[in-house]
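Asker: Before I ask anything, let me first share the structure, which is written out below as structure tokens.
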Amino acid sequence: MATQAQVITCKVSLVIEEVEVAPPQAGEVRVKVLFTALCHTDAYTWSGKDPEGLFPCILGHEAAGIVESVGEGVTEVQPGDHVIPCYQAECKECKFCKSGKTNLCGKVRLATGVGVMLNDRQSRFSINGKPIYHFMGTSTFSQYTVVHDVSVAKIDPKAPLDKVCLLGCGVPTGLGAVWNTAKVEPGSIVAVFGLGTVGLAVAEGAKAAGASRIIGIDIDSKKFDRAKSFGVTEFINPKDHEKPIQQVIVDLTDGGVDYSFECIGNVSVMRAALECCHKGWGTSVIVGVAASGQEISTRPFQLVTGRVWKGTAFGGFKSRSQVPWLVDKYMKKEIKVDEYVTHNMTLADINKAFDLMHDGGCLRVVLDMHI
Ligand SMILES: NC(=O)c1ccc[n+]([C@@H]2O[C@H](COP(=O)([O-])OP(=O)(O)OC[C@H]3O[C@@H](n4cnc5c(N)ncnc54)[C@H](O)[C@@H]3O)[C@@H](O)[C@H]2O)c1
Ligand SMILES: CCCCCCO
Ligand SMILES: [Zn+2]
Ligand SMILES: [Zn+2]
């Protein structure tokens with residue numbers, strides 16, 4: 001491409017600034033970000049509540065774009081390829097990738113966790129020469145970003161990038177929490193706490209897995225109608241009950257659910273999600289990202305008597321291998337994506353988009369990064 005090996009000056013967001021984006025070094029890919037969605041994890045870091053948040057940085061981690069140029073040694077993608085940047089890398093060589101037990105990958109985390117690139121521990125972003133940190137190894141709130149080659153999934157070029165950008169985070173997380181982390185069986189009774197994008201994707205995944213009952217729990221009753229179309233079969237608003245929500249659910253399900261999913265990030269709800277599970281086998285999956293330093297608690301006897309408490313990152317999906325598979329499932333209409341997009345805006349609207357995230361009617365806002 002004409003811009004290969006040159007510094008590109010383009011717009012980023014929250015504060016719309018011109019930023020220099022250096023060429024990719026060995027093992028790196030520079031991506032022209034075409035569409036990016038906003039996730040609550042971006043909002044959490046932006047809030048400043050995350051002590052690990054490094055500023056100034058470029059947020060964003062749920063996007064789709066086109067490879068602009070590649071650094072030395074990059075073989076699996078080339079300029080022009082349609083890609084989804086992946087905050088969950090997959091190198092296929094490290095202890096994690098080879099374990100067969102996790103989708104976590106250890107290769108670039110020590111760099112991405114501190115906002116730099118592995119090669120030289122420096123950032124590829126700068127403003128007037130002053131470095132700007134990367135975020136989650138993706139930084140998709142920029143018209144161009146630089147990511148590690150192990151953190152980019154090549155996808156079907158026919159897939160609409162303004163839709164499949166959602167397959168960079170929230171939707172796969174919900175689906176995978178059911179299919180990979182919990183492995184919900186047909187006939188199971190499932191409880192989903194929080195009916196936002198992630199919770200609705202859990203409901204969609206549970207329906208596809210053949211769950212017999214999918215109980216949606218949310219403090220906003222306006223969420224319930226839409227949740228039906230994602231598979232939720234019954235609804236509870238904890239505000240309508242005197243009893244603790246876990247007791248309400250245990251009473252409704254003859255002893256508890258087979259699987260529960262916490263899709264909020266609230267440590268009290270995480271406890272309730274565990275304690276509404278059935279004695280002997282009930283499994284609760286933590287999906288929500290709690291504020292840094294917060295801890296979960298329950299009586300050990302909850303676990304001694306057979307309940308299982310586990311968590312998931314990106315739904316247990318291996319990014320470079322399985323994001324293309326998810327895109328293909330969407331193209332074959334086997335999973336939803338369009339239904340999670342409630343607002344389409346532009347990069348210039350990003351601050352309005354963040355405000356919308358607090359509007360109960362909003363699931364995902366997709367930003368067009370180049371108009
Ligand atoms: N583990 C991962 O890999 C991963 C990936 C993506 C998102 N997340 C996290 O998942 C969580 C959900 O993301 P989202 O985009 O769906 O968020 P969201 O804010 O859109 O949805 C949260 C829902 O929970 C409801 N809620 C809030 N407090 C509640 C309570 N006390 N009881 C019941 N319902 C309550 C809200 O009304 C809302 O409908 C966030 O914490 C996000 O950071 C984790
Ligand atoms: C790595 C687990 C948390 C990722 C949250 C993305 O929104
Ligand atoms: Zn996210
Ligand atoms: Zn790895």
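Asker: Out of all the residues in region 247-273, which are away from ligand 2 (no atom under 16 Å from the Cβ) and either open to solvent by 40 Å² or more (accessible area, probe 1.4 Å) or farther than 27 Å from residue 185 by Cβ (or both)?
Answerer: Applying the first criterion (away from ligand 2 (no atom under 16 Å from the Cβ)) to region 247-273 yields 247-260, 268-269, 271-273.
Of everything in region 247-273, those that are away from ligand 2 (no atom under 16 Å from the Cβ) and either open to solvent by 40 Å² or more (accessible area, probe 1.4 Å) or farther than 27 Å from residue 185 by Cβ (or both) turn out to be 247, 251, 252, 254, 268, 271.
Asker: State which residue is farthest from the chain's Cα centre (by Cα) when the search covers only region 180-204 and only residues that are of a type outside the set (A, V, I, L, M) and farther than 26 Å from residue 358 by Cβ. So that I can check it myself, show each step before the final result.
Answerer: From region 180-204, those of a type outside the set (A, V, I, L, M) are 180-181, 183, 185-188, 193-194, 196-197, 199, 204; that's our starting set.
Checking which are farther than 26 Å from residue 358 by Cβ leaves us with 180-181, 183, 185-188.
Details: 180: 15, 181: 15, 183: 19, 185: 24, 186: 25, 187: 27, 188: 25 Å.
Within region 180-204, the match that is farthest from the chain's Cα centre (by Cα) is 187.
Asker: Out of everything in region 124-176 that is open to solvent by 30 Å² or more (accessible area, probe 1.4 Å), not basic (Lys, Arg) and not in a loop (DSSP other than H, G, I, E, B), what residue ends up being farthest from ligand 2 (Cβ to nearest atom)?
Answerer: 127
Asker: For region 269-294, which residues satisfy the criterion of being among the small types (Gly, Ala, Ser) and part of a loop (DSSP other than H, G, I, E, B)? Walk me through how you get there before you give the answer.
Answerer: Taking region 269-294 first, the residues among the small types (Gly, Ala, Ser) are 272-273, 280, 282, 284, 288, 290-293.
Selection gives 280, 282, 288, 290, 291, 292, 293.
Asker: Just checking, does region 211-220 include any residue being in a helix (DSSP H, G or I) and either at negative phi or of a type outside the set (A, V, I, L, M) (or both)?
Answerer: Within region 211-220, none of the residues are in a helix (DSSP H, G or I) and either at negative phi or of a type outside the set (A, V, I, L, M) (or both).
Asker: In this structure, does residue 68 turn out to be farther than 17 Å from residue 112 by Cβ and acidic (Asp, Glu)? I'd like the intermediate steps shown before the answer.
Answerer: Values: farther than 17 Å from residue 112 by Cβ: yes; acidic (Asp, Glu): yes.
Here the answer is yes, as residue 68 does meet what is asked.
Asker: How about region 198-217: which of its residues are open to solvent by less than 10 Å² (accessible area, probe 1.4 Å) and in contact with a Cys (Cβ under 8 Å, 6 or more places away or on another chain)? Step through it out loud before you land on a result.
Answerer: Filtering region 198-217 for residues open to solvent by less than 10 Å² (accessible area, probe 1.4 Å) gives 199-203, 205-206, 214-217.
Result: 199, 202.
Asker: Give all pairs with beta carbons closer than 9 Å in which a residue from region 79-106 that is part of a helix (DSSP H, G or I) meets a residue that is hydrophobic (A, V, I, L, M, F, W, C) and near ligand 4 (Cβ under 6 Å from one of its atoms); count only pairs at least 6 apart in sequence or on separate chains.
Answerer: From residues that are part of a helix (DSSP H, G or I), the pairs are 96/105; 97/91; 97/105.
Asker: List every residue pair whose Cβ atoms sit under 7 Å apart, with the two residues 6 or more apart in sequence or on different chains, where the first one lies in region 224-237 and is at positive phi and the second, anywhere, is crowded, with 16+ Cβ neighbours inside 10 Å.
Answerer: Qualifying pairs under 7 Å: 231/203; 231/204; 231/206; 231/207; 231/214.
Asker: If only one of 48, 71 is at positive phi, of a type in the set (Gly, Ala, Ser) and either modelled with pLDDT of 95 or more or open to solvent by 30 Å² or more (accessible area, probe 1.4 Å) (or both), which one is it? Show your work before the answer.
Answerer: On the way: 71 fails: at positive phi.
Selected residue: 48, the only one of 48, 71 that is at positive phi, of a type in the set (Gly, Ala, Ser) and either modelled with pLDDT of 95 or more or open to solvent by 30 Å² or more (accessible area, probe 1.4 Å) (or both).
Asker: Using the structure shown, decide if residue 60 is surrounded by 22 or more Cβ atoms within 10 Å (Cβ to Cβ), more than 14 Å from ligand 3 (Cβ to nearest atom) and under 20 Å from the mean Cα position of the chain (by Cα). Please lay out each step first, then the result.
Answerer: Values: surrounded by 22 or more Cβ atoms within 10 Å (Cβ to Cβ): yes; more than 14 Å from ligand 3 (Cβ to nearest atom): no; under 20 Å from the mean Cα position of the chain (by Cα): yes.
The answer is no for residue 60.
Asker: Name, by its number, the condition in (1) assigned by the TED database to the domain that holds residue 257; (2) within 23 Å of residue 188 (Cβ to Cβ) that does not hold for residue 295.
Answerer: (2)
Asker: A further question on this structure: Just one of the numbered conditions (1) under 28 Å from residue 160 (Cβ atoms); (2) touching a Cys at 6+ places or on another chain (Cβ under 7 Å); (3) of a type in the set (S, T, N, Q) is not true of residue 321; which one?
Answerer: Of (1) under 28 Å from residue 160 (Cβ atoms); (2) touching a Cys at 6+ places or on another chain (Cβ under 7 Å); (3) of a type in the set (S, T, N, Q), only one is false for residue 321: (2).
Asker: What pairs come out if I take residues in region 312-332 that are of a type in the set (Lys, Arg) and pair them with residues that are open to solvent by 50 Å² or more (accessible area, probe 1.4 Å) and away from ligand 2 (no atom under 14 Å from the Cβ) whose C-beta lies under 9 Å away, six or more apart or interchain?
Answerer: Sorted first by the residue in region 312-332, then by its partner, the pairs are 318/92; 320/76; 320/92; 320/154.
The values are calculated or read from the model by the stated rules, or taken from the named source; none is laboratory data. If you're wondering where the values come from, they're calculated on a predicted model, not measured in any experiment. Reconstructed Cβ throughout: ideal geometry from the backbone, glycine too, with neighbour counts over all protein chains shown. Only protein heavy atoms, including side chains, enter the accessible area calculation; ligands, DNA and RNA are left aside. Shrake-Rupley method; radii C 1.70, N 1.55, O 1.52, S 1.80 Å.
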